[in-house]
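K.L.:
Just dropping this structure here.
Here, each number is a calculation from the coordinates, and none is a lab measurement. Because the structure is a prediction, the values reported are computed rather than measured.
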Ligand SMILES: [Zn+2]
């Protein structure tokens, strides 16, 4: 479960160390540039760039730079302007076995990570009290990019990250926002793919354990979470599993226009419930969190 929870996370800081190599002509638009850490692969970069451009055309969203590393199970939006992805998604078995999965997993992960970028833009607008944190997150992102281009040192990056982790509102931000951000990023991925099970497909591999499968199923919009795995619902990627089912049943768009309308409705509802959570001074448990969000979604 640890491995899987580290997969497609929004907040995990990855520190690549290799230097940058030249860019690809097909990376353009909202995906403004690409940096490769283990040799160029313009083919995958184009696929990812296309996904980012298609999603921003439908839902809006900020410009991002793609940072494409080697084979791994990690994808990340760094809450600045970098989307970090492997060129090959690979999952790891219990005893060190490696399971490479089809390219579609990287593409769906890219959609999910860009969902975090959209979420973060809205967060910045709605929560000006986090401006200092936002600036520090942006700084880490800038230094990380400079380092990937060979223009900054590991020391400079470590310094920026230390400044970030010392910011008191960082813990607050994670506590109140993480589960909603994961949920929303999944909404963008499944809407974009027009497939309620896109996240489950992205995380699936034939040899995965029953526990990992049960955990991945919490990301599915086509099924209900089973009570047997209730304990998993406290994890941030799984916490809003019931709201995912609700979206799959009641807010499933028939076209892009409706997708945009539903996305806006979902994002507004999230902002409303997060503001209420903050006012109450506590982040609710999974049950209350799902109930609150679904109640808010039913209102409008
Ligand atoms: Zn995520």
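K.L.:
Rounded to the nearest 5, what is the percent of antiparallel bridges among the DSSP beta bridges in the chain?
P.N.:
Roughly 30 percent of the beta bridges in the chain run antiparallel, per DSSP.
K.L.:
Would you mind calculating the relative contact order of the chain from Cα pairs under 8 angstrom and at least 6 residues apart, reporting the percent as a whole number?
P.N.:
16 percent
K.L.:
In a GNM of the chain with a 10 Å cut-off on Cα contacts, which of 221, 127, 59 has the highest mean-square fluctuation?
P.N.:
Fluctuation is largest for 127.
K.L.:
Which residue, 96, 29, 61, tops the fluctuation ranking in a GNM of the chain built on C-alpha contacts under 10 Å?
P.N.:
96
K.L.:
Taking Cα atoms of region 112-253, Rg/Rh with Kirkwood Rh, to two decimals?
P.N.:
That ratio equals 1.04.
K.L.:
When only C-alpha pairs under 8 Å and at least 6 residues apart count, what is the relative contact order of region 20-177, in percent?
P.N.:
This gives 18 percent for region 20-177.
K.L.:
Using a ≥ b ≥ c from the Cα gyration tensor of the chain (square roots of the eigenvalues), is it rounded, prolate or oblate, where a/c under 1.5 gives rounded and otherwise the larger of a/b and b/c decides, a/b for prolate?
P.N.:
Note, shape of the chain comes out rounded.
K.L.:
Rounded to the nearest 500, what is the 222 nm mean residue ellipticity of the chain from helices alone, with -39500 (n - 2.57) per DSSP H run of 4+ residues and division by all residues?
P.N.:
The helix-only estimate for the chain comes to -18000 deg cm²/dmol at 222 nm.
K.L.:
How much of the DSSP beta bridge set in region 2-165 is antiparallel, as a percent to the nearest 5?
P.N.:
30 percent
K.L.:
How big is the gap, in Å, between the Cα center of region 123-186 and the Cα center of region 201-265?
P.N.:
Cα centres, region 123-186 to region 201-265: 26 Å.
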